[in-house]
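Notes follow the structure.
Every read-out reported here was derived from the displayed coordinates using simple, explicitly stated rules and does not represent laboratory data. None of the values given here were measured: they were computed from a predicted structure. Don't worry about glycine lacking a Cβ; one is built from the backbone with ideal geometry, like all the others, and counts go over all protein chains shown.
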Amino acid sequence: MTTITSSSNHAGLTAMLRHDLRRTRLMSALFFLLEFIALPLQLALKLINRPEHGFALRASTYGQVYGNFSAVLFPLVILLAAAVLAMQLMNYNFGRRSVDVYYSLPFTRRQMILSHLIAGTLDLAVPILLNLSIAAGLALAINPALGLGWLIKDALLWVLLAYCIFISVMLTATLMGTAVDTMLYAGMLNLEPFLILIALLGILGTFVIGFDPTTLMDRLLLYLHPLPLLIRQIFTDTLVPMSVWGVGFWAVLIPAATLLTVFFYERRDAELAENVSRDNWFRLIFKITSAFLLAVVFGFMIFAAVASDNTYRNTTDQLAFVLGCAGGAVIGYLVLEVVLGRGFKTVRSNWWICLADLVATVGIALVAVTGLFGYESAVPVPASVNYAQVEGYLNHYWRDSPGLHTTDSIRLSSEESIAALTQLHQSAIDAARRQSENEDQENSADARLRVVYHLQNGCTVTRSYYGLELNEAEAEQFRSLYSTAEVMEQVNPLLKIGENETQLDGITVMDVTGSELRVSDSQTERLMEAVRQDLFETAGSATEQQGEPLIFLNIGYHYPMLEYYYDELSGEGIERPAGENSNTLQYPIYEDFSETLKLLQELGIEAKAFDPADYTAVYGIYDHYDLWYSPSTFRLYPALAYYWIESEQQLYNETAEGTVLTQSGSSSLLTAGSFTPEEIRMLYDLSHPYGENQNREMLLLFDTGRTKQSGRSHLMLVRFIPEDTLISLDPELLKRMTLSVQTDENGERYISQDNALYLDSWPQATLD
């Protein structure tokens with residue numbers, strides 16, 4: 001009896017399957033043609049044009065098989081095919097007459113749904129596999145070294161993508177009564193996991209101090225749907241590995257969705273056909289999730305209308321968002337009930353949906369704005385950290401050193417470094433909280449910090465802080481960490497010469513006047529070793545260089561070059577060796593570089609900075625945006641300390657009080673008056689070689705009296721002084737500095753410049 005029943009079931013399934021395949025054969029053939037146009041045909045055109053364009057696929061990648069056009073069109077065709085085939089197989093469920101006809105056939109519900117699933121899978125998989133096989137043959141004809149490893153992996157992923165879309169539409173069709181509802185809710189089923197993830201991460205990233213959404217989003221997006229995985233692989237030319245967690249996720253999700261489809265189809269009520277108003281658990285879930293998304297959108301709209309410009313949100317911003325979410329939950333519920341329920345008849349009966357969304361949305365918002373259960377203040381204990389990865393800057397103007405492989409991401413493993421990092425991390429939290437409370441920070445330094453702790457237990461802790469306003473003590477913590485030997489080995493370009501085929505060419509010594517002297521080849525390595533020794537001996541102990549550089553080393557080096565060219569057919573940038581290139585790294589030497597200065601003295605080279613008593617005049621510059629860089633840039637690049645001022649582009653007075661500096665008929669600068677050595681010493685002591693805040697720091701130029709080309713240029717020392725300090729000085733002294741104190745309409749005193757300044761060049765290398 002069992003044998004007869006099994007045979008009958010098999011025969012019924014086979015008969016139904018033949019029926020389904022006949023129904024869908026033309027649609028399957030059409031999608032095969034579209035996929036052929038999208039991928040193999042495009043690759044064939046590349047092969048035909050290869051002799052003219054020099055097209056060749058690289059052995060190291062498979063991404064070029066697709067090309068930009070195919071990478072977009074091929075997945076779109078697959079998505080369309082999966083949705084259309086599912087709707088074609090299930091379309092009889094949306095009409096009462098057709099339902100009665102199909103349900104009266106001599107097949108069980110299980111036989112029917114299994115036939116639909118098998119037919120749809122075959123109609124999707126066969127065209128994909130055939131087209132990928134054709135593409136593989138063409139790719140191997142272009143470049144046999146490409147291999148077939150990419151084909152097997154891509155075939156599995158493309159079929160996975162097609163089946164995910166297919167089964168999502170099939171599952172939805174078993175629960176909906178119309179084709180319109182099926183496509184609407186199937187679209188929601190595929191999109192809303194992404195949207196909910198983005199909404200949650202957006203809330204946490206906006207309101208939770210230190211929360212870094214990028215890593216979590218990057219991980220989760222790959223597992224919520226196969227499409228992001230495929231897109232990343234194609235456009236990055238790399239194999240994106242699936243974690244054990246990701247493989248387990250799909251191993252559970254796909255069979256579960258298939259079993260649910262069979263389960264609900266067997267129990268589908270025939271009267272559901274053409275029904276547009278009957279609620280079920282599926283509809284209710286999407287009403288709740290959609291109302292949640294609308295509430296978050298409305299909350300961010302209200303937040304954007306009242307938000308301040310602060311990087312970290314204050315109480316007003318947070319309250320606006322919470323109230324906006326509360327209002328959005330009610331509005332979203334009403335909109336969805338009217339749209340999805342085709343009227344107002346279900347608004348009152350489904351009130352609990354509104355309440356659920358209100359509680360969920362406001363609850364999540366309150367958790368975020370109150371610190372995410374202590375997430376904001378959590379700093380790992382140094383003993384629990386195996387190592388840490390850090391990215392950050394302090395008033396940093398990023399400058400590339402071509403050929404020298406420095407990194408923005410540093411690795412810390414020593415106990416001292418990790419302890420210093422945790423202290424800096426706590427300071428970053430304190431600074432962010434001050435900013436969220438709108439507390440003005442005097443003499444603040446702009447900073448960014450991103451840290452990833454790798455703990456002893458295998459877990460990771462990631463925090464990111466942007467736009468931090470650190471006070472001087474906190475900024476010093478930052479500078480101290482980045483001046484340690486462990487960090488310098490990773491970020492100091494001087495220490496990278498000699499690595500990765502980068503070779504030292506020679507060294508030219510330049511004093512502060514711009515005079516140059518080349519060091520003999522026999523002494524070059526000695527000088528480099530002396531500089532490296534001084535760097536490590538002073539690391540962490542001299543983060544504040546109070547004086548100016550005594551001398552500069554222009555260190556030449558050469559390195560292998562790579563040439564990039566654009567291949568029109570592949571749409572890719574190709575990399576190839578292209579000889580060697582050379583560059584110069586300029587490095588300042590200070591008075592605490594004892595070994596370097598000792599060796600320079602042996603070589604007969606004098607390293608001496610200007611004495612303040614040697615300066616002839618001081619000019620004040622209020623608006624120093626002509627510098628292009630923030631004042632703090634001078635801390636990182638002290639070679640910017642000196643400027644040449646050309647006589648044709650010089651200081652001049654635009655007031656009616658007399659000539660301070662003149663340009664007409666003169667080839668030299670005329671000062672506003674004399675300065676005593678005591679006045680110059682006072683101004684020098686009140687100023688510093690770099691500033692921390694461009695809006696509060698004034699620029700001073702100390703005239704060295706050094707000229708070139710028969711007096712046509714003047715060498716100036718650049719220093720910075722707080723505006724408040726300038727305001728307190730004697731007005732007559734300010735006048736001689738080409739500055740004056742003015743009062744605005746609110747009665748606030750400020751420094752006004754009585755000159756115009758144009759900066760031409762300096763003896764040191766310029767920043768790119």
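Given a Förster radius of 30 Å and the C-beta distance between Leu253 and Glu274 as r, what FRET efficiency does 1/(1 + (r/R0)^6) yield to the nearest 0.05? Taking R0 as 30 Å, the efficiency between Leu253 and Glu274 is 0.45. Under the simplified labelling scheme, the Asp592-Phe69 pair shows an inter-label distance of 6.3 nm, with each label point 7 Å from Cα along Cα→Cβ. In this simple spin-label model, placing a label point 7 Å from the Cα along the Cα-to-Cβ direction at both Thr215 and Val306 gives a separation of 3.4 nm. Based on the Stokes-Einstein relation at 37 °C and a viscosity of 0.692 mPa s, and on the Kirkwood radius from alpha carbon pairs, segment 71-210 is assigned a translational diffusion coefficient of 185 µm²/s.
Summary value for segment 465-544: 35 percent relative contact order, contacts being C-alpha pairs under 8 angstrom separated by 6+ residues.
How high is the FRET efficiency from Leu122 to Phe536, r the C-beta distance, R0 45 Å, rounded to 0.05?
With R0 = 45 Å, the Cβ-Cβ based efficiency is 0.10.
Stretching Ser522 away from Gln423 to a fully extended chain increases their span by 31.1 nm, per 0.36 nm per residue minus the current alpha-carbon distance.
Modelled label positions at Ser414 and Arg681, each set 7 Å beyond Cα in the direction of Cβ, lie 4.0 nm from each other.
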